[in-house]
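K.L.:
Sending over a structure as structure tokens; questions will come in a sec.
The values are calculated or read from the model by the stated rules, or taken from the named source; none is laboratory data. All values derive from a computational prediction rather than experimental measurement. Virtual Cβ from ideal backbone geometry, glycine too; neighbours counted across all protein chains shown.
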Amino acid sequence: MVGREVELIPGYDILYTWKGKRKLFDLLGVRTERQFALKMAELGKEDQLDDEMISKIFCIGLNWKKSGPIISQEDIGDLLEEFCQINGFGSEEINNKLLDAFCESGIYNKALIQVGRKISENKLKELERGTDTGEAGQISTLTM
């Protein structure tokens, strides 16, 4: 595991240590990193990655320091709210912060996540521009 913290807000860093990774796997009922990634994708696709589950995942990642204070499940919502207020962000950015923490903790492959983000950015730019390729398309035959 890589073990590099990801700052949520000043003073609060996310890291999934070996013990934290085991807690994540137990939370989702999986045994390997691959199973974890597949389960997270499945939950996201089925719209089951709700605020409660996200809070539990953050709680594990924020309580990684042995000598640090314990952050309660209730406090996680306040920290996420503060993250959104400070940065003007929403749910997508919270999810991206989790992905970053998974990558920096060695649970996800950072290169694959970056490629996925690049593809998403390119698709978004394409949608913003429209998909006009300059080629002749079908011509309407409607007459009035």
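K.L.:
Any residue at all in the stretch 88-105 that's within 26 Å of residue 18 (Cα to Cα) and loosely packed, with under 12 Cβ neighbours inside 10 Å?
P.N.:
No, the stretch 88-105 contains no residue that is within 26 Å of residue 18 (Cα to Cα) and loosely packed, with under 12 Cβ neighbours inside 10 Å.
K.L.:
A further question follows. Give 45, 66, 21, 39 a once-over and let me know the one that is closer than 16 Å to residue 104 by Cα and charged (D, E, K, R).
P.N.:
21
K.L.:
Give me a count of the residues in the stretch 66-113 that are in a loop (DSSP other than H, G, I, E, B), modelled with pLDDT of 90 or more, among the polar types (S, T, N, Q) and more than 16 Å from residue 6 (Cβ to Cβ).
P.N.:
Residues that pass the stated criteria total 1.
K.L.:
If you check every pair at least six apart or on different chains, which have Cβ atoms under 7 Å apart with a residue in the stretch 23-35 that is more than 13 Å from residue 57 (Cβ to Cβ) and touching a residue at least 24 places away in the same chain (Cβ under 8 Å) first and a residue that is aliphatic (A, V, I, L, M) and assigned to a loop (DSSP other than H, G, I, E, B) second?
P.N.:
33/107
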